[in-house]
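Below: the structure, in structure tokens.
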Amino acid sequence: VKGDTKEFAIAAASIIAKVTRDRLMRVYDTMYPVYNLKQHKGYPTAAHMSLVKQHGASPIHRRTFAPLKHMAFDEDGKVIRGVDK
């Protein structure tokens, strides 16, 4: 729809949401430093996914979003079945 190019309120909301997410990721980075969230802001980059596979998922990881929704975790968040690719 590209609403942010047609309506200033939508564009402003999009910017506010991104800035808020970036700030949250910096706070979460202090809580879960092994994931380097301040660097990639939680987006599923190759580096981030490698860290999730190595350390498991933290409580803030959304397991309902791909690619985590295709993985299986134990009770401690460790990956027990990864994504086959």
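The values are calculated or read from the model by the stated rules, or taken from the named source; none is laboratory data. From a predicted model like this one, the values you see are computed outputs, not experimental measurements. Note: accessible area is taken over every heavy atom of the protein model, side chains too, but ligands, DNA and RNA are not part of it. Shrake-Rupley method; radii C 1.70, N 1.55, O 1.52, S 1.80 Å.
Remarks
- In the list [x] 20, 54, 22, 4, 0; [y] 12, 14, 12, 27, 23, 9, 2; [z] 16, 40, 27, 15, 2, the label attached to P(r) over Cα pairs in 10 Å bins from 0, in percent as derived from the coordinates here is [z].
- Contact order, relative form, for the chain: 16 percent (alpha carbon pairs under 8 Å, 6 or more residues apart, mean separation divided by residue count).
- Å² of accessible area per residue within the chain, as computed with a 1.4 Å probe and no ligands counted: 73
- Taking the longest Cα principal axis of the chain as reference, the axis of helix 8-31 is set at about 30 degrees.
- Protein heavy-atom surface of the chain, 1.4 angstrom probe: 59% of the accessible area is carbon and sulfur, with nucleic acids and ligands not counted.
- Helix 46-55 vs. the chain, principal-axis angle (Cα, 0 to 90°, nearest 10): 40
- Lysines with Cα under 30 Å of Lys2, excluding same-chain neighbours fewer than 8 positions away: Lys18, Lys38, Lys41, Lys69
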